[in-house]
There are 2 protein chains.
Amino acid sequence: MLNVDTIKNGLVIDHIRAGYGPRIFRWLGLDTASFSVALIMNVASKQQGKKDIIKIDNIINIDYSVLGFIDPNITVNIIKDEKIVRKINMSLPDRVEDVIKCKNPRCITTTERYVPQIFRLVDKAQALYRCQYCDALYKVGDNMELMEHSL
Amino acid sequence: MLNVDTIKNGLVIDHIRAGYGPRIFRWLGLDTASFSVALIMNVASKQQGKKDIIKIDNIINIDYSVLGFIDPNITVNIIKDEKIVRKINMSLPDRVEDVIKCKNPRCITTTERYVPQIFRLVDKAQALYRCQYCDALYKVGDNMELMEHSL
């Protein structure tokens, strides 16, 4: 129903967990883009029931490790001359920096604003990350609040 | 390029000033919708150069006076069985309540949180509104900050 036609040169971020599209859209700074972009939410999907899709009519730089952290099921299709020339599968990155904030009030990153927020993957199956400084555990997907910045 | 196919039963909010789509999308609460929705930005438009479009695969209630306040050039198409059954043109409403905040620090609405924010249209051609309490002038479109609430 809400399919979007193919784009000429750009990216299609597909298989986004339903409901996660808007925050990825914002996180990529697409809400202030000057080129054509589309955010499509709650599209019927065979694999997932429902999914979100983002279409970008421009080649932009994306930090794939962060996309994989937000949702490892995401695939990114790179489109050239209306054809998919590359399909990139995401995975949980070993390390993320300044993507999420440690919620431990006694962690050094809470009091020292200029210490980067670094988390390391400790359990891939359970998608568990640990703060590098205080060892606080963080499970991906639990009401994820991403730090605000644009790419 | 980024056209979205027709929807079965729902609304198409068309001719949105380019760049205003995301805030209308959020303001309508569509970023947490459970039905299919699409936000398409910077589509080529004969009239406007570029425009944003929102497609909603569901019949939802919209306060048209507020949409008209955000952008009087917007048209809303109501779709039934894949056909446009009604086309609604927006216009600047005579009065808006709790849509924008008065920025005058000495206005009663700034100190008394429970006084509603009421603005009245005083100059249609210039799209000027006046705060009902302190007479502060407000021009529609100038970095409009909408109050947060869902419909």
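The values are calculated or read from the model by the stated rules, or taken from the named source; none is laboratory data. Keep in mind that this is a model prediction, so the values were computed, not measured. We place every Cβ from the backbone using ideal geometry, glycine too, and count neighbours over all the protein chains shown. SASA here: full protein model, heavy atoms, side chains in, ligands and nucleic acids out. Shrake-Rupley method; radii C 1.70, N 1.55, O 1.52, S 1.80 Å.
Could you tell me what a quarter of the Cα convex hull surface of chain B works out to, in nm² with one decimal place? If you can, show how the numbers build up before the last one.
Details: hull surface 38.0 nm².
If you wrap the Cα atoms of chain B in a convex hull and average its projections, you get 9.5 nm².
Restricting to DSSP H runs of at least four residues, report the calculated mean residue ellipticity at 222 nm for chain A, -39500 (n - 2.57) per run over all residues, nearest 500 deg cm²/dmol.
Working: 3 runs with 18 residues, N = 151.
It comes out at -2500 deg cm²/dmol, rounded to the nearest 500.
Charges on Cβ only, +1 for Lys and Arg, -1 for Asp and Glu, centred on the Cα centroid of the protein assembly as shown; of A:Tyr138, B:Ser36, B:Tyr138, which one is farthest towards the dipole's positive end?
B:Ser36
Show me the GluC sites (Glu not before Pro) within the stretch A:72-151 that DSSP assigns to loop and that have at most 16 other Cβ atoms within 10 Å of their Cβ. Numbers along the way, then the final one.
Details: sites: A:Glu82, A:Glu97, A:Glu112, A:Glu145, A:Glu148; in loops: A:Glu82, A:Glu112, A:Glu145, A:Glu148.
Within the stretch A:72-151, the qualifying GluC sites (Glu not before Pro) (loop, at most 16 other Cβ atoms within 10 Å) are A:Glu82, A:Glu112, A:Glu145, A:Glu148.
Rounded, prolate or oblate: pick one for the stretch B:14-85, where a ≥ b ≥ c are the square roots of the eigenvalues of its C-alpha gyration tensor, a/c under 1.5 means rounded, and failing that, prolate if a/b is larger than b/c, else oblate. Can you show the working numbers first?
Values: a/c = 1.42, a/b = 1.25, b/c = 1.13.
Verdict is rounded for the stretch B:14-85.
Mind checking how much accessible area A and B bury in total, 1.4 Å probe, in Å² rounded to 100? Walk me through the intermediate numbers first.
Working: alone 9130 and 9140 Å², together 16200 Å².
The buried area between A and B, both sides summed, comes to about 2100 Å².
Tell me, Kirkwood radius of the protein assembly as shown from alpha-carbon pair distances, in Å?
Numbers: mean 1/r = 0.0468 Å⁻¹.
Across the protein assembly as shown, the inverse of the average 1/r is 21.4 Å.
Counting only C-alpha contacts under 8 Å and six or more residues apart, can you give the relative contact order of the stretch A:1-101 as a whole percent? It would help to have the intermediate numbers written out before the result.
Numbers: 194 pairs, mean separation 33.8, N = 101.
Relative contact order, the stretch A:1-101: 33 percent.
Among B:28-40, A:53-65, how do they line up from the highest to the lowest mean number of other beta-carbon atoms within 10 Å?
Top to bottom by mean Cβ count within 10 Å: B:28-40, A:53-65.
For chain B, set up a Gaussian network in which alpha carbons nearer than 10 Å are linked by springs, and say which option among B:Arg95, B:Arg130, B:Arg86 fluctuates the most.
Of B:Arg95, B:Arg130, B:Arg86, the most mobile in the Gaussian network model is B:Arg86.
What is the dipole size for chain A, taken about its Cα centre, with +1 at each Lys and Arg Cβ and -1 at each Asp and Glu Cβ, in debye to the nearest 20?
Value, rounded to 20: 320 debye.
Starting from 0.36 nm per residue, how many nanometres of slack lie between A:Arg23 and A:Asp98 once their C-alpha separation is accounted for? Intermediate values should be presented prior to the final figure.
On the way: separation 75, 0.36 × 75 = 27.00 nm, distance 1.56 nm.
Working it through step by step, the gained length comes to 25.4 nm.
In the Gaussian network model of chain B, springs joining C-alpha atoms below 10 Å, which of B:Tyr138, B:Tyr114, B:Tyr20 carries the largest mean-square fluctuation?
Answer for the Gaussian network model of chain B: B:Tyr114.
Name the aspartates and glutamates eligible as straight-distance cross-link partners of B:Lys83: C-alpha to C-alpha under 17 Å, and not fewer than 8 places from it in the same chain.
B:Asp5, B:Asp14, B:Asp57
How crowded by other chains is A:30-36, given as the mean number of beta carbons from other chains within 10 Å of each beta carbon? Intermediate values should be presented prior to the final figure.
Values: counts 3, 8, 3, 5, 5, 4, 9.
So the per-residue partner count for this stretch is 5.
Please work out the FRET efficiency for the pair B:Asn9 and A:Lys50, using the Cβ-Cβ distance as r and a Förster radius of 22 Å; give the result to the nearest 0.05. Walk me through the numbers on the way to the answer.
On the way: r = 18 Å, r/R0 = 0.82.
The value I calculate is 0.75.
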